[in-house]
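Only one structure is covered here, and it is reproduced in the block below.
Where a number appears in this text, it was derived from the coordinates with a stated rule and is not lab data. Note that the structure is a prediction, hence the values are computed from the model and not measured. Note that we place each Cβ from the backbone using ideal geometry, even for glycine, and neighbour counts take in every protein chain shown.
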Amino acid sequence: MKRLAQFGLILFVLSVGAGLFAQTPYFHWYQLNEGTGAVIANTATQSGVGTIAAQGVFTDGSGVATPTWTSPGGLGNTGVDLSTPTAFLDSGLDPDLHLNTIDFTVEMLINTNGTAQTGNILFAVCDASTIEAALYVTGMGTSQLALAGTGGGFVDSGGPNLNDGNWHHVALVYDRSAQTATGYVDGTQAFQATSQSWTFSAGTKVVYFNGRTLSSFGRWSALADEIKLDNTARSPSAFVMPSPGGGL
């Protein structure tokens, strides 16, 4: 009986451990608290998601590029001002290895800083010349959150005018089983694209605020902070970061 009890305890511990291991890991969370430099720490928990770069690196498409740091950020003491120099963030994440079979949510804080960001990208899956999916700001009507699909073509857009000089929480939620890609601004749905069956190609990367070329895929040239990607189709109530613009 003693051995059975011990065995039962071992099974319980293992099951609890497995449950913990199975909890949602973040692929990355760049809090942008460094205040200097071009290499950004990934403060995420990456258990069970395979090999992913431990850091993100700001680049101009050919080498390391140090962004302009600004204070305060959207959350905390610092963020980045990407109006100059040319700098965007390469996460090192290979979406064909990590995103092709799962749901995921991208969250971040942005501020256009009073400058129109028509066509400028917040999140992209791309290779050196082609976008396969992108979250960006469109100039159609007002500066709204928008989605681009394969080849960079327009898919859907909506929500409030983001060019108001304030910080906003924006998110993209991909639900693979429902085949929906839903955009949110400050916790309120901005658009929902249906029939979105996404399979990303080998050689693509997850990149923020541009693509992976010097010629740019509509480079973001304003303020940014707190970038997070995880393997869950989150509802607004489960978004991790608060919204400076309210609504969460």
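In the neighborhood of Pro72, defined by Cβ-to-Cβ distances under 15 Å, what is the net charge if each Lys or Arg adds +1 and each Asp or Glu adds -1? Walk me through the numbers on the way to the answer.
Values: positive: none; negative: Glu34, Asp81, Asp225, Glu226.
That works out to -4.
Under 15 Å from the Cβ of Ala87, count the other residues' Cβ atoms, weight Lys and Arg +1, Asp and Glu -1, and hand me the total.
Around Ala87, the charge tally is -3.
Grab the other residues whose beta carbon is less than 12 angstrom from that of Ala171, score K and R as +1, D and E as -1, and report the net. Please report the intermediate quantities before stating the final value.
Numbers: positive: Lys228, Arg234; negative: Glu107, Asp186, Glu226, Asp230.
Every neighbour counted, the sum reads -2.
Which translational diffusion coefficient, to the nearest whole µm²/s, is obtained for segment 110-179 from the Stokes-Einstein equation, given a Kirkwood hydrodynamic radius over C-alpha pairs, 37 °C and 0.692 mPa s? Don't skip to the answer; put the middle values down first.
Values: Rh = 12.6 Å.
Rounded to a whole number, D works out at 260 µm²/s.
Kindly identify segment 57-114 as rounded, prolate or oblate by the Cα gyration tensor criterion: order the square roots of the eigenvalues as a ≥ b ≥ c, call it rounded if a/c is under 1.5, otherwise compare a/b with b/c, prolate if a/b is larger, else oblate. Can you show the working numbers first?
Working: a/c = 2.75, a/b = 1.45, b/c = 1.90.
Judged from the Cα gyration tensor, segment 57-114 comes out oblate (a/c at least 1.5, b/c at or above a/b).
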